Amino acid sequence: MKVIGLTGGTGSGKSEVSKYLQEMGAGIIDADLVARQIVEIGKPAYRQIVAHFGKEILQEDGNILRHRLGEIVFSNAEELAFLNQCTHTYIVQEMQRQIIQYQQEGTAFCIVLDAPLLFEAGLDTLCDSVWVVYADADVRTRRIIKRDGISEQTARARIASQKTWEEYHALSDVILDNSKDLQHLQQQLAQAVKEIKS
């Protein structure tokens, strides 16, 4: 069973690709969902993050306020590096567990690791192929503003904190262009799925 690494910059449209692949019968492992689970109250990553950033990143119920933490790390490369180092080990362990589970069940035609930080977390080493979703920076900025309700400045700071398109391009096996409409994206996906199944 092939393992596909799905990545791309924030706002590129990975969620649309992931949704389509799931509908086609792929097993999806969502790194963002895993990342939320590993920072639940009392877990090791939670304790490390709170010890480093302080209680001002917490909501009244003790949960991490992701928006506040995001404001800190996306404007400070050192803080972002700490957060990534803190969480990546636990994310990789959980995703490896889920890969094994899908392989044992044997019901999916492939396994997709939906991971914005696929390379940074070393998850690409678990993959048979890496698919990168592309959209230009202006399109991504508009999507992020609409999705997260943040300012243009904050949206562009998030984009700037990630890999450049040239870096993504050099590391990819398949490029999915999501700068146009949904139909254009789905046509590319249909061909990519056909090649996996053949």
Pairs with Cβ under 6 Å, 6+ apart, first in region 86-113 and among the acidic types (Asp, Glu), second assigned to a helix (DSSP H, G or I): GLU94/VAL34
Qualifying residue in region 79-96 (condition: at pLDDT below 95, small (Gly, Ala, Ser) and under 22 Å from GLU16 (Cα atoms)): no
Near pairs, Cβ below 6 angstrom, 6+ apart or cross-chain, from region 121-142 (within 27 Å of GLN85 (Cβ to Cβ)) to any residue that is open to solvent by 60 Å² or more (accessible area, probe 1.4 Å) and outside any loop (DSSP other than H, G, I, E, B): VAL132/ILE175
Residue check for SER179: in contact (Cβ under 8 Å) with a residue 24 or more places away in the chain, out of contact with any Phe, Trp or Tyr (no Cβ under 9 Å at 6 or more places or on another chain) and hydroxyl-bearing (Ser, Thr, Tyr): no
All positions within region 97-107 that are at pLDDT below 95 and either within 20 Å of LEU176 (Cβ to Cβ) or among the β-branched types (Val, Ile, Thr) (or both): THR107
Residue within region 117-128 that is crowded, with 17+ Cβ neighbours inside 10 Å and hydroxyl-bearing (Ser, Thr, Tyr) present: no
Selection from region 20-34 of residues that are over 13 Å from LEU189 (Cβ atoms) and of a type outside the set (Gly, Ala, Ser): ILE28, ILE29, ASP30, ASP32, LEU33, VAL34
For GLU166: the one exception among (1) touching a strand residue (DSSP E or B) at 6+ places or on another chain (Cβ under 6 Å); (2) at pLDDT below 90; (3) acidic (Asp, Glu): (1)
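The values are calculated or read from the model by the stated rules, or taken from the named source; none is laboratory data. Just so it is clear, the model here is predicted, and its values are computed rather than measured. Glycine gets a Cβ as well: all are built from the backbone with ideal geometry, and neighbour counts include every protein chain shown. Only protein heavy atoms, including side chains, enter the accessible area calculation; ligands, DNA and RNA are left aside. Shrake-Rupley method; radii C 1.70, N 1.55, O 1.52, S 1.80 Å.
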